[in-house]
Amino acid sequence: MSTATVPVERRLRLPRPRIDWGIAVTTLLLATLVVVDLSLQPALADITQIGLLVQTALPLLFVAAAQTLAVLVRGIDLSVGGVFAVANTMTAVWVGAAGGNHQLLLLAVLVAGLAMGAINGVLIAGLGFQPFIATLGTWTAYGGVALMILPSDGGAVPLVLTSILNGTVAGIPASIVIVAVLLLAWRVLRTSRFGTQIYAVGDDEERARLNGTPVRRVRLLVYALAGLCAAVGGIMLAGATSTGSPTAGDPYILMSLSAVVIGGTSLRGGAGGVGLSVMAAFSLILISDIASAMNLDVWVSVAASALLLLVMVTARALVERRAEGRTP
Amino acid sequence: MTRLRAPRIHLSTVSAFALCAVLFVIATLHASGFASGDNVRQLLVFASFVGFAALGQTLVVLSGGMDLSVPWLMAFGGIQLSHWATGGMPGGAAIALVVLVGALIGVVNGVGVAFLRIPPIIMTLAVGGLVQAYLLSLGLLDSSGKSPVPAAAVSAASDRLGPLPIVAWVWLVVAVAVGLLLSRSAAGRRIYAVGANEEVARLSGIDVARVRLAAYALSGAAAAFAGVILAGYVGNTYLDIGQPYLFASIAAVVVGGASILGGHGTYWGTVAGALTLTVLSAMLPLFHLSDAGLKVVYGVVILLGVWLSQSGGELLARVRRRATISPEPPHSPEVTTSAP
Amino acid sequence: MRLLKVAGLRKSYGAVDVLRGVGLEARGGEIHGLLGENGAGKSTLMKILSGVTRADAGSVTLDGEPLTLGRPTASTAAGVRTVFQELSTLPQLTVAENLLYGAEPTALLGHVRGRRLRDQARELLARFGLERIDVDRRLGTLALGDRQLLEVVKALRETPRVLILDEATSALSAEDSAWVLGQGRRAAEAGAVVLLITHRLAEVRAHAERVTVLRGGDDVLAVPTAEADDDELIAAMLGRRVERLYPRRGGAPAGPLLRVSDLSVGDRVGPLDLTLHEGEVLGIGGLQGQGQRELLMALGGAVPWSGSARLRDAPYAGTSPKRAIADGVTLVPEDRQREGLLLADPVARNLTVGSLPRFTRPGGLIDAAREATAAAAQATQVGVAHDRLGSPVSALSGGNQQKVVLGKALLADPSVLLLHDCTRGVDVGTKAEIFTLIAELADRGVGIVLYSSDLSELANVCDRVLVMAEGRLVGEVPSGELSEEAILRLAVGSVPDRAEVAA
Amino acid sequence: GSGDDSGGAGSGGGSGKRHEIVLSNNYMGNEWRPQMVNVAKFVAGSADYRDKVKLDVRISDATPAAQIQSLQSVIRKKPDAIMIDAASATALNPTLEQACKAGILVFSFDQVVTAPCAYKLPQDYEAQATDAVNWLGTQLKGKGKILMDTGLPGIPLSETYVKVWKKVLAEKYPGIEVVGTFSSQYAPGPELQGVSAQLARNPKIDGILSGAYVASDIKALKQAGRPMVPMTGLDFNGGQKQCATEKLKCFFIGAPAFVSGMAIERIVKVLDGGQQPKQEVYFDTNYVSEAGQIDFPHTQKLETLKAGENYYPDGADSLVTPISFGAHDITAADVLGK
Ligand SMILES: Nc1ncnc2c1ncn2[C@@H]1O[C@H](COP(=O)(O)OP(=O)(O)OP(=O)(O)O)[C@@H](O)[C@H]1O
Ligand SMILES: Nc1ncnc2c1ncn2[C@@H]1O[C@H](COP(=O)(O)OP(=O)(O)OP(=O)(O)O)[C@@H](O)[C@H]1O
Ligand SMILES: [Mg+2]
Ligand SMILES: [Mg+2]
């Protein structure tokens, strides 16, 4: 990248980088992976196929969104695994079993997610727990609750859900629409006053307080929202598999965390965003899709995924360092 | 020179041990067998696995990182060992070599984090993946009829020396050493400084990259060694042998009172954390709970315990009438793109 | 006539009694100076007024009605606006988001209207003649000086009833300080009570109608400024007299110590040559952000630079702070909170972290006893109370934090010392001590490069001042002709579009 | 590493009209799955099949979502058949229904799925569990204190085992008391830890009812200096060796790794137009370490351990026994992928 030496630049008043490098890089990487995947399996170049791929990605996307929220306020949420499982099993057991109004019951599941997130919030913002410990505890506890609801895979998911998930809106697969909705919701949140407060708290709690930010309340709300997102993730998996699983949540903890970091959200809070994590999460899905499409030796494909991960992040690090170099 | 050490670190370590003790007493009251020598020795052995896995983790976390490759390095420690040993290499040599290679793998982590500026979580995750790939390429299943684990590892993990199992002694020695390293050595100071604020550390003339490298290298070695003794104890190896220790290793560090964002904590705290987690998961089955109930209780007890022990620590602090302010770790360059 | 009345305010942190029943009366329409040594309790008092710190006892009334203490929102509602000593602006947010934080223009659904936000921010900046600042920049990427100015702009977003300037000028160059004080005056004319905290007596003399002096958490003097001369004020602050702020220099500069030729940092600074002599105090002047920071950082090995340098007669690499310190070149960086201090760590550890090798035994263990004594000695030298060695440095007052940073650099006993505003926020007494210290060091042959935002410091402490503009050296004021005017003239003359500001 | 790509690849030129079969597996962490995969490769590469079968092996992460995703990329390639060891009995159904619709033959084994369109070769968990508990009950003459393995909470296998064991114990052996449970997680380490922990706390143990590693139980008993007791577990060579040589009372359940090979045979049969029931329960053979222990009520086949036939004195501990079936002669080396 050539740094134009306009007189302004010489005068130490640098123009801010017009492009946000974080977003640029993440998008670029995603795009590349899409191209690779498409060229590897042409059959994928078809809206319904893509819809299916996105559908399998949905749970991760939502958990990643949840994780991002927690990380933005300088926290971390391991309990997404538990919340996910509880929501997933609730959907498969008593929403499915119940005769009556499934939409309403699904709403109840969301509320449960919100509540579980709020508990994290109280522990962290109220009782001053370290986020890692607080959510480690609740993760295990929620996981147990999920096992109580459903001892092992099974249950029946309401048709409403599966049909919605497999349906289309104006020809576009529902799964894609859902992603769009998620991103829209994030945009609304980000551009709200509350959105700014989230970043302020993550940026520097003390200064945020000096500016009259209700730090505790912000934290609490953020974790509640994280719970909500994780719950949606659980519901999505239930929809995609038309069954419940009490252990389905745990693998998403690490995946969501790496999605967040790959997306460029700093674990020290205040920088990044859900949009980035969603893109990164989808990149992860694509990586494993590519790995399995190339149909290599097991160990080769494991290695390949690991290397792809590294390549992505290194590329990002390099580009961003360049970009940084331009700001004083 | 206690006044040179930030008081709250000290306290959190103490209260972590207190928590462990309380749990142990409760368990003993419920089932007297719990305090039996056999059981205590068992617990020490189990705890030492966590303790070693969490050793490097502690250093890495203190320096502001995280090592997710620990479980795979443990698997490496076990499987590679059995590979070399069944291949005819003398046990002792094989163990030394495995630990050495573990350290080298750790260095790879360090290089990625320190020089390529790859976020620790991703770097260590990826390296873990590569190690996993390598182990898969070995074919996993050893075909020799011989015992897959050399006698040295087995006896280290299962034999006794005086009242305690050998591993426990090893662990004790290592803990003392690491404790000294952190609290008394220049290297320790550098680790804390880097974890507290990388930029300040750099401007203070600390070679941040080298500190990081060292931390990850030690982590690799410790994890590999944890794998060795675990394999020795189990008398067998398999790919997932390290999996239970991924979160356990980090949890031990944090329950021990360290900040996950780096800068403060102690290895003795981690030791307490490891013991606490082990005692807890060993005592809960005594209460004849369902698996589900057991998980719930486990989670709740961790929260309750940590909360009580920490507020206990705060109380002590107030008794000492120390001016306490929340030691909010300052911004790292990671987020502050202020000049240059 | 507006009136701010503070009575019997008490505050203690653990064992430390910070405020011991402070009283204060300030009138609207006036600028009221507030003086006191570091740690006297000034900031604490201000934090209480702005609701971010709770008082243990005491009352505050504004125009007779009591001010609810302990809640920032309450104070804000009452019209109290504060420029905090350790800034309150958020580095990750953009300038616009910072300026309008909490007052963002929202559409229905509470959705912030981005364009509107930035327009309002621009208007606000325009109102204060700061158009040059880009409202979309992440605030953290601005120079400390600009961040300081924005802090002021933010406080003046709406016309305040009480305006608190807590060392708002300590990081600023003459003309920016003038600007800030001008703003204070305007607010006063608009009827506000303006509280001005500064360690620059001259500013109080020039701008404040009245002055109150705090010591040890008590108000020990309150007079119209005209009725007390500097010596009385200083005596009140420190409980002793300071015969002269700027020491007389003993020896004169000797042979060359550090010779730098065509040094450049990126494409912004340099190429420039300079020579620092043994025992010389070399000042670096110029308007803010002309590359002085980069120059000092480069010499300290903190940023990559090109060019060549020789220290005495060996080549000097300066490739990393570590190498630099080992070679005897140490830096006191600009931003104490983000570059200088491990805030959560004890004072003693902060003092020694820069020179660990000195306390390391062959085995690699630290000689705790030697470290402790060295730390204590250093604390005495820079005037940090020993009863604070064990407490987190974040618990020290601003000025005392700055002393710790300086002490840390000195402990590495350098042969070249690079000082970036090393007396920022330090009280007169200690300033005098620090200057004496600098003089002593120089007399011992140490070479010192000193950048200061305070012209009088440059004029009175340095042997010679190099003036920078646009990353280059544009001139030199030799020891004979040293004066604030001379420096300012060179500085301003060389940056066309800022000439009028100084006028 | 042994090439997953087409067992037939070794034989270079195939007739080209080979059936494309994809083996979808989701886990390699323990010792059973890798052997299962290796057997599949062996059979696909064996003389009878190398010209009929082209085998791809896909191994996803151990989550339903991951296996679904992997399956989808498989479906896009439209192979002739998918043989699957599933991550979940139910979660994959929608995806597998898609596969069937796409005209792909779906054959599930080991952990089977409930999708109606899929062929199933399940093991009879209930029968295994029932035989095991009955054996132990007989050995203990209906009374004593035992430890019970709860397996891996959340997976169907464990749920069935535990349910059956509790039921049978309550109904037929009220004199037997479960004094402690442990979760073997089907890995040697956790089982050893779990049993050891319980031993330390229970001065008297008369039997161990486990669905996993007998070898770990033996080790635990030895370390605690306790007498050996009757125990049940999976048929791994390691445990069998010890039980046989040291004359311990052991009972071994669990499917052999070659069910994958059996699956291939049946798939080829169907693809060639033959008949195959949608659901064919694989009746496992269980093993007792001594002849004297044979007579008790059991539903599955039962044999005593015979060196070289159903256990291998100098074979690897990790071998799942027996290793060969039908006309094949599979050697330990083949199973262990050497
Ligand atoms: N959070 C805290 N915990 C403990 N002591 C504190 C804390 N904050 C301030 N102090 C102490 O209160 C005293 C007064 O601090 P304050 O910041 O008000 O001083 P100041 O008058 O503003 O000094 P300066 O001129 O250096 O800014 C100092 O000794 C400081 O150490
Ligand atoms: N140089 C310093 N370094 C650190 N803290 C200081 C320094 N000077 C004062 N303080 C702290 O600021 C607080 C109030 O300041 P000050 O020293 O004026 O009062 P004091 O020393 O407590 O009482 P007195 O003035 O009667 O000695 C004290 O708690 C002291 O610890
Ligand atoms: Mg102050
Ligand atoms: Mg005093």
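The values are calculated or read from the model by the stated rules, or taken from the named source; none is laboratory data. The model shown is predicted, which means the values in this text are computed figures rather than measured ones. Glycine also receives a Cβ, built like all others from the backbone with ideal geometry; neighbour counts cover every protein chain displayed.
Side notes on the structure shown:
- With respect to the conditions (1) part of a loop (DSSP other than H, G, I, E, B); (2) crowded, with 23+ Cβ neighbours inside 10 Å, D:Cys117 lacks only one, and its number is (2).
- Among residues that are away from every other protein chain (no Cβ under 11 Å) and within 16 Å of ligand 4 (Cβ to nearest atom), C:Gly407 is not included.
- Residue in the stretch A:130-146 that is farther than 23 Å from A:Gln67 by Cβ, surrounded by 20 or more Cβ atoms within 10 Å (Cβ to Cβ) and in contact with an Asp or Glu (Cβ under 6 Å, 6 or more places away or on another chain) present: no
- Elements of type strands (runs of 3 or more DSSP E) in the stretch C:7-107, at least 2 residues being surrounded by fewer than 22 Cβ atoms within 10 Å (Cβ to Cβ): C:16-27, C:57-62
- Meets criteria (basic (Lys, Arg), crowded, with 22+ Cβ neighbours inside 10 Å, under 30 Å from A:Ile253 (Cα atoms) and touching a helix residue (DSSP H, G or I) at 6+ places or on another chain (Cβ under 9 Å)) for D:Arg76: no
- For first residues located in the stretch C:36-60 and in contact (Cβ under 8 Å) with a residue 24 or more places away in the chain and over 11 Å from C:Arg20 (Cα atoms), partners that are assigned to a helix (DSSP H, G or I) and within 6 Å of ligand 1 (Cβ to nearest atom) and lie 6+ apart or on another chain with Cβ distances below 7 Å form the pairs C:Gly36/C:Lys42; C:Asn38/C:Gly399; C:Asn38/C:Asn400; C:Gly39/C:Asn400; C:Ser43/C:Gly398; C:Thr53/C:Thr44.
- The stretch C:18-43, subset within 16 Å of ligand 4 (Cβ to nearest atom) and among the β-branched types (Val, Ile, Thr), residue farthest from the other protein chains (Cβ to nearest Cβ): C:Val22
- When the stretch A:233-275 is filtered for residues that are assigned to a helix (DSSP H, G or I), among the β-branched types (Val, Ile, Thr) and within 30 Å of A:Trp94 (Cα to Cα), the ones remaining, listed by number, are A:Ile235, A:Thr241, A:Ile253.
- All positions within the stretch C:271-281 that are touching an Asp or Glu at 6+ places or on another chain (Cβ under 9 Å), crowded, with 19+ Cβ neighbours inside 10 Å and assigned to a strand (DSSP E or B): C:Leu272, C:His277, C:Val281
- Residue check, C:Ala254 part of a loop (DSSP other than H, G, I, E, B), hydrophobic (A, V, I, L, M, F, W, C), crowded, with 21+ Cβ neighbours inside 10 Å and more than 16 Å from ligand 2 (Cβ to nearest atom): no
- Among the residues of the stretch D:175-190, those that are more than 9 Å from chain B (Cβ to nearest Cβ) and part of a loop (DSSP other than H, G, I, E, B) comprise D:Gly175, D:Ser184, D:Tyr186.
- Per the conditions (1) in a strand (DSSP E or B); (2) under 20 Å from the mean Cα position of the chain (by Cα); (3) within 16 Å of ligand 2 (Cβ to nearest atom), the sole criterion not satisfied by C:Ile284 is (3).
- Each residue in the stretch C:381-404 was checked for being near ligand 2 (Cβ under 10 Å from one of its atoms), of a type outside the set (A, V, I, L, M, F, W, C) and either within 13 Å of another protein chain (Cβ to nearest Cβ) or over 20 Å from the mean Cα position of the chain (by Cα) (or both), and 6 of them qualify.
- In the set B:Ala272, B:Ala217, B:Ala222, only one residue is among the small types (Gly, Ala, Ser), away from every other protein chain (no Cβ under 12 Å) and surrounded by fewer than 24 Cβ atoms within 10 Å (Cβ to Cβ); that residue is B:Ala217.
- Matching entry among C:Leu172, C:Leu163, C:Leu245 (being in contact with a strand residue (DSSP E or B) (Cβ under 8 Å, 6 or more places away or on another chain) and not acidic (Asp, Glu)): C:Leu163
- Single unsatisfied condition, C:Leu4 versus (1) more than 9 Å from ligand 1 (Cβ to nearest atom); (2) closer than 22 Å to A:Arg209 by Cβ; (3) at pLDDT 90 or above: (2)
- Residue in the stretch D:39-64 that is modelled with the lowest pLDDT, counting only those that are under 16 Å from B:Leu239 (Cα atoms) and out of contact with any strand residue (DSSP E or B) (no Cβ under 8 Å at 6 or more places or on another chain): D:Ala62
- Restricted to helices (runs of 4 or more DSSP H) entirely inside the stretch C:314-365, those with at least 1 residues that are in contact with a helix residue (DSSP H, G or I) (Cβ under 7 Å, 6 or more places away or on another chain), without any contact (Cβ under 8 Å) to a residue 40 or more places away in the chain and within 29 Å of C:Gly289 (Cα to Cα) are C:321-326.
- Options C:Lys11, C:Lys5; residue that is of a type outside the set (S, T, N, Q) and within 16 Å of ligand 2 (Cβ to nearest atom): C:Lys11
- Some residue of the stretch B:172-191 being within 14 Å of chain D (Cβ to nearest Cβ), crowded, with 21+ Cβ neighbours inside 10 Å and either over 15 Å from the mean Cα position of the chain (by Cα) or not acidic (Asp, Glu) (or both): no
- Residue match in the stretch C:120-137 (condition: in contact with a Ser or Thr (Cβ under 7 Å, 6 or more places away or on another chain) and within 9 Å of another protein chain (Cβ to nearest Cβ)): yes
- Just one of the listed residues (B:Gly235, B:Gly305) is over 12 Å from the mean Cα position of the chain (by Cα), small (Gly, Ala, Ser), within 22 Å of B:Pro71 (Cα to Cα) and within 11 Å of another protein chain (Cβ to nearest Cβ), and it is B:Gly235.
- Residue list for the stretch A:45-71, restricted to those being more than 12 Å from the chain's Cα centre (by Cα) and more than 13 Å from chain D (Cβ to nearest Cβ): A:Ile47
- Candidates C:Leu67, C:Leu34 - the one that is aliphatic (A, V, I, L, M), within 10 Å of ligand 1 (Cβ to nearest atom) and in contact with a helix residue (DSSP H, G or I) (Cβ under 9 Å, 6 or more places away or on another chain): C:Leu34
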